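K.L.:
Dumping the structure here so I can ask a few things about it.
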Amino acid sequence: EDSFVRLDGRKEWLKWEIRPWYENKDEIGGIIMFTEVITEEKEAKEELIRAKEGAEQAAIAKTDFLSTMSHEIRTPMNAVLGFTTLLLQNAREDQMEYLKMLKYSGDNLLVLINDILDFSKIEAGKIEFEKVDFNLKELIQNIQGALLEKAKEKKILLKVLIDDELPEMVKGDPVRLGQILTNLASNAVKFTDTGKVTICAS
């Protein structure tokens, strides 16, 4: 492959190949030359290389940004959770429910922040689910409590129906399940203008 410049200054690319031309089996009588203009293919290839390099640089910048921001957010978040834990130790009865909701939401947020810090694991699909015992009813009630104010603002009801046969404790990943249920319930409240939203567990 060779480049050449036309009289008008435009750069072009040629692909060429030379082979011997045989008069007979043992006698070369000349040469055969094949040429092809490959300017478009060459430019497309170079564009792909530039796009790939740009995407790699953007990915590095994104990871660096998320890592920095996550560190910056985690510090005040730890302080919020620390003070919430202290307040829970001496809370009045009427404050207890709100402080528990604050702690629940803060813990969930901290897990998300830690996931972002471990961004390489997410990209590689190596995030592992926890297998711990947790109270499913309490988890659902915490989600209801966290969204109750939003439902009241919209003048709709947010109810929870839990099957009596549902076990008190189950094994799994409470944070991931909480994220999924919160997302679903939050969207339900957001897009419901009248009536009620019900979270059912059976």
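The values are calculated or read from the model by the stated rules, or taken from the named source; none is laboratory data. Bear in mind the structure is a predicted one, so any value in this text is a computation, not a measurement. Positions of Cβ are backbone-derived with ideal geometry, glycine not excepted, and every protein chain shown enters the neighbour counts. Ligands, DNA and RNA are stripped out before the accessible areas are found, and what is left, the full protein with its side chains, is counted by its heavy atoms. Shrake-Rupley method; radii C 1.70, N 1.55, O 1.52, S 1.80 Å.
K.L.:
Anything in the stretch 138-157 that is open to solvent by less than 30 Å² (accessible area, probe 1.4 Å), assigned to a helix (DSSP H, G or I) and over 16 Å from LEU99 (Cα atoms)? List them, or say none.
P.N.:
Result: ILE140, ALA151.
So that you can scan it fast, the table gives a plain yes or no per residue for (1) at pLDDT 75 or above; (2) loosely packed, with under 11 Cβ neighbours inside 10 Å; (3) within 29 Å of VAL197 (Cα to Cα):
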position	(1), (2), (3)
ILE60	yes, yes, no
ASP64	yes, no, no
ARG74	no, no, no
GLN95	yes, no, yes
LEU99	yes, no, yes
LEU112	yes, no, yes
ILE116	no, no, no
GLY125	no, yes, no
LEU136	yes, no, yes
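K.L.:
Can you report the number of residues in the stretch 158-172 which are open to solvent by 70 Å² or more (accessible area, probe 1.4 Å) and either at pLDDT 95 or above or in a strand (DSSP E or B) (or both)?
P.N.:
Adding up the residues that qualify gives 4.
K.L.:
Let me ask you something else. Can you report the number of residues in the stretch 133-188 which are small (Gly, Ala, Ser), free of Cβ contacts under 8 Å to residues at least 40 places away in the same chain and more than 17 Å from ASN108 (Cβ to Cβ)?
P.N.:
Number satisfying all stated conditions: 1.
K.L.:
Are any of the residues in the stretch 176-197 in contact with a Gly (Cβ under 8 Å, 6 or more places away or on another chain) and either basic (Lys, Arg) or open to solvent by less than 80 Å² (accessible area, probe 1.4 Å) (or both)?
P.N.:
no
K.L.:
Which is of a type in the set (Lys, Arg), in a helix (DSSP H, G or I) and on the phi < 0 side of the Ramachandran plot, of LYS15, LYS42?
P.N.:
After ruling out the rest, the residue left standing is LYS42.
K.L.:
As an exercise: evaluate TRP13 against (1) open to solvent by 80 Å² or more (accessible area, probe 1.4 Å); (2) touching a Ser or Thr at 6+ places or on another chain (Cβ under 8 Å) and give the number of the one condition it does not meet.
P.N.:
(1)
K.L.:
Checking the conditions here, which among ASN90, ASN108 is buried (at least 16 other Cβ atoms within 10 Å of the Cβ) and either at pLDDT 85 or above or not aromatic (Phe, Trp, Tyr) (or both)?
P.N.:
ASN108
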